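Reading through the structure tokens given below for one structure.
The values are calculated or read from the model by the stated rules, or taken from the named source; none is laboratory data. Everything quoted here is computed from the prediction, not taken from an experiment. All Cβ positions, even for glycine, are placed from backbone atoms using ideal geometry, and neighbour counts span all protein chains on display. Protein only, heavy atoms only, side chains kept; ligands, DNA and RNA dropped before computing areas. Shrake-Rupley method; radii C 1.70, N 1.55, O 1.52, S 1.80 Å.
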Amino acid sequence: MKISILDDYHDTLRTLRCFSKLEGHDVTIWNDHVQDVDSLAERLRDAEVLVLIRERTQIRAPLLERLKNLRLISQRSVYPHIDIDACTRLGIIVSSNQHAGTPSYAAAELTWGLVLAAMRQIPQQVSALKAGRWQIGVGNTLRDKTLGIYGYGRIGSVVAGYGKAFGMKVLVWARESSLARARADRYAVARSKEAFFERCDVISLHMRLVDATRGIVTAADLARMKPTALLVNTSRAPLIEPGALVTALRAGRPGMAALDVYE
């Protein structure tokens with residue numbers, strides 16, 4: 001079968017053991033990102049199977065209708081970027097394992113690395129040392145500070161555990177079903193969204209990007225944060241109202257942000 005794999009930026013899939021399952025098939029791996037429909041239609045015109053990495057490329061009806069040979073789309077996790085109705089109409093199978101019980105430890109570890117790097121000023125200290133200066137500041141400890149988890153799911157719950165291990169007070173804000181899980185795990189729940197942003201010393205966002213969560217963090221929310229607080233976003237950039245974070249940082253609330261997101 002003719003298989004196309006999109007958005008493998010670092011060319012890592014061929015290094016995985018599972019890649020051997022594709023032996024005998026005609027496999028093309030694309031290491032760059034393209035969203036233009038005409039360009040994608042040309043690239044994928046012969047593809048029978050499309051393998052996607054997360055939500056990096058939008059697969060909508062205008063593209064699907066031009067892929068006459070496509071029979072299967074395979075990926076892992078959620079699929080808001082795929083037009084399921086169009087796939088159904090065109091007879092294209094979408095296969096995705098939701099892996100609800102498998103936390104993304106890699107994302108959680110990266111989140112915690114950003115928390116430590118920002119609060120301890122590790123990048124700034126390294127840059128200063130390389131420039132011949134020693135210790136530009138003493139940084140901030142995490143112990144006894146309040147860690148806010150906004151969105152208590154597979155990743156947020158793991159990050160909450162890291163905060164607890166570092167002696168932080170964990171405070172959760174999320175939809176009601178997630179708050180119930182947080183309570184069951186014996187974490188404190190904020191009395192309101194406003195109180196959540198006011199109390200936390202570190203806030204980490206852990207939500208999927210859907211219509212209900214787009215822009216869910218507003219300029220007013222950020223303005224309530226402490227001038228010493230840190231906002232961490234390793235989920236999706238559009239969770240924050242457009243332009244709100246830059247404006248908030250310039251205004252001094254929050255005092256810091258650590259990000260690993262793109263539009």
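Distance from the C-alpha centroid of segment 112-189 to that of segment 13-91: 36 Å, rounded to the whole angstrom. Solvent-accessible surface of the chain, averaged per residue with a 1.4 angstrom probe and all protein chains in place: 55 square angstrom. With distances taken between every two different alpha-carbon atoms, segment 43-136 has a Kirkwood hydrodynamic radius of 16.7 Å. When Rg and the Kirkwood Rh are both derived from Cα coordinates, the Rg/Rh ratio for the chain amounts to 1.03. Here nothing in the chain passes the span test, since no DSSP H helix has an alpha carbon length of 18 Å or more along the helix axis and a Kyte-Doolittle mean of 1.6 or above.
Starting from a Cα-only point model with no solvent, please compute log10 I(q)/I(0) by Debye for segment 20-84 at q = 0.15 1/Å. Taken in order of the listed q values, log10 I(q)/I(0) reads -0.46.
Give the total of Lys-Lys pairs in the chain with Cα-Cα distances below 19 Å; include a pair only if its members are 8 or more places apart or on different chains. The number of close lysine pairs in the chain is 9. Each 5 Å bin from 0 upward holds the following percent of the Cα-Cα pairs of segment 132-263: 2, 11, 21, 24, 20, 13, 5, 2, 1, 0, 0.
Entry note, the chain: the mean residue ellipticity at 222 nm calculated from DSSP H runs of n ≥ 4, each adding -39500 (n - 2.57), is -8500 deg cm²/dmol after division by the residues and rounding to the nearest 500. Between Glu194 and Ala219, the modelled label-to-label distance comes to 1.9 nm, taking each label 7 Å out from Cα in the direction of the beta carbon.
Taken over segment 190-263, the alpha-carbon convex hull comes to 79 cubic angstrom per residue.
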